[in-house]
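Undergrad: The structure that follows is given in the form of structure tokens.
Values in this text are rule-based calculations from the coordinates and carry no lab data. None of the values given here were measured: they were computed from a predicted structure. We place every Cβ from the backbone using ideal geometry, glycine too, and count neighbours over all the protein chains shown.
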Amino acid sequence: MKRTTSLIVIGTLLTGSCYLMSGCAASNTAKGAGIGAAAGATLGGIIGHQSGHGAQGAIIGGVAGGALGALIGKRLDRQKEELEKVPGMQNVQVNEQEQTISASIQILFNVDSDQIKPGEAKKLDELAAVFAKYPENIVVIEGHTDSDGSEEYNQKLSERRARSVENYLRGKHLNIASLSSVGYGESRPIASNDTPAGKAANRRVELKISVDPKRVPQE
């Protein structure tokens with residue numbers, strides 16, 4: 001089976017229930033405050049209702065949720081700016097509807113290999129340096145391949161490469177909420193496998209990051 005050097009694209013997906021992405025006039029801090037206030041008021045109302053103080057609980061929850069949402073939004077803005085400075089990072093975009101930030105960083109693996117090359121490791125070093133500042137991050141690493149080779153082979157290769165990235169980041173002793181990996185093989189293409197460019201796009205590792213609000217540090 002003939003295989004060429006793989007171009008890996010790491011996509012970063014930042015999500016969180018307490019904030020809304022930028023993309024219009026309002027800042028993420030302001031939007032996060034609004035969303036956090038709504039979520040906090042709902043939760044506070046439920047707790048307050050159980051104790052016979054529904055309205056008071058909603059007010060307290062709204063204030064607390066708004067403050068947390070604003071803080072998460074502020075940190076989201078900052079992390080986005082820092083990710084844009086990582087070498088190899090491309091297409092840092094926001095999706096307001098889905099409340100996500102997506103980005104990609106190019107990482108090369110040798111043919112049929114899951115070993116991180118020294119030159120590519122430097123990119124992950126800087127990525128890890130950004131993540132180290134955000135202990136609230138919950139990171140899931142997803143491996144993907146093109147359709148060359150058997151489904152079984154591609155499934156295992158995607159798992160190995162995702163695990164390789166996970167292990168490399170673990171070696172940086174990141175103090176984040178969670179770090180795990182999963183492989184999807186060729187089952188989730190983002191482009192056609194009929195062209196070299198499409199196959200290159202499909203050979204990728206994506207990072208999905210959500211936020212644990214309990215680990216958001218006060219500023």
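Undergrad: Using 0.36 nm per residue, how much length does the chain from residue 188 to residue 151 gain when fully extended, once their Cα-Cα distance is taken away? Could you put the intermediate results ahead of the total?
TA: Numbers: separation 37, 0.36 × 37 = 13.32 nm, distance 1.19 nm.
Residue separation times 0.36 nm, minus the Cα-Cα distance, leaves 12.1 nm.
Undergrad: Rounded, prolate or oblate, given the Cα gyration tensor of region 96-219, with a/c below 1.5 counting as rounded?
TA: On the way: a/c = 2.13, a/b = 1.62, b/c = 1.31.
Prolate, since a/c reaches 1.5 and a/b exceeds b/c.
Undergrad: Within region 109-143, name every residue whose backbone N is under 15 Å away from a label modeled 7 Å from Cα of residue 215 along the Cβ vector.
TA: From region 109-143, the list is 128-141.
Undergrad: Using the Cβ atoms and a cut-off under 13 Å, what net charge is assigned to the surroundings of residue 182, where Lys and Arg are +1 and Asp and Glu are -1?
TA: Details: positive: 156, 160, 161, 163, 188, 208; negative: 142, 159, 166, 206.
That works out to +2.
Undergrad: Given the pairs 156/199; 74/208; 117/199; 117/172; 85/117; 172/199, which are separated by over 24 angstrom at their Cα positions?
TA: Working: 156/199 17 Å; 74/208 19 Å; 117/199 21 Å; 117/172 16 Å; 85/117 21 Å; 172/199 31 Å.
Result: 172/199 exceed 24 Å.
Undergrad: Another question, then. If you stretched the chain out fully between residue 167 and residue 122, how much longer would it get, using 0.36 nm times the residue separation minus the C-alpha to C-alpha distance?
TA: On the way: separation 45, 0.36 × 45 = 16.20 nm, distance 1.48 nm.
Contour length minus the Cα-Cα distance gives 14.7 nm.
Undergrad: Going by average Cβ neighbours within 10 Å, how do the peptides 204-215, 121-132, 182-193, 69-80 rank, with the highest at the top? Could you put the intermediate results ahead of the total?
TA: On the way: 204-215: 19.3, 121-132: 17.8, 182-193: 16.0, 69-80: 22.2.
Output ranking for 204-215, 121-132, 182-193, 69-80: 69-80, 204-215, 121-132, 182-193.
Undergrad: Continuing with the same structure: Net charge near residue 219, counting Lys/Arg +1 and Asp/Glu -1 over other residues with Cβ under 13 Å of its Cβ?
TA: Numbers: positive: 74, 75, 78, 133; negative: 77, 136.
Around residue 219, the charge tally is +2.
Undergrad: Most exposed first by the Cβ proxy, i.e. fewest other Cβ within 10 Å, how do 195, 145 rank?
TA: Numbers: 195 10, 145 29.
Taking fewest neighbouring Cβ atoms as first place, the list is 195, 145.
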